[in-house]
Amino acid sequence: MNDSIRGTSPARLAAAIAATLLACPLAHAQSGAYPTKPVRFLVANAAGGGLDVVARLTSPTVGNALGSSSSSTIARARPAASPPS
């Protein structure tokens, strides 16, 4: 046996195995597809700037990588990164 397992009591090992087996169904109990809301890119610079252009060009690619449509990713320019209203 491995030295790290050898010092473990059987009750502790059984509890760890039981916890792992009980947690497995929880991974499948998640809700529907992610993301459920549109993904927003907030660009802290003025509209039409370099970062704004990059965010608008990469947002469809990120949307496709997340498995959502490209229309569910939004790039918004908010100078000074003001919080959304």
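Just so you know, all these numbers are worked out from the coordinates, no wet-lab data involved. Nothing here was measured: the structure is a model prediction, and the numbers come from that model. All Cβ positions, even for glycine, are placed from backbone atoms using ideal geometry, and neighbour counts span all protein chains on display.
Data table
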{"quantity": "Percent of alpha-carbon pairs separated by more than 12 Å within the stretch 39-81", "calculated": "52 percent"}
{"quantity": "Other-chain or far-sequence residues with amide H under 5 Å of Phe41's (modelled H)", "calculated": "Ile74, Ala75, Arg76"}
{"quantity": "Computed label-point distance, nm, for sites Ala44 and Ala18 using a 7 Å Cα→Cβ extension", "calculated": "5.0 nm"}
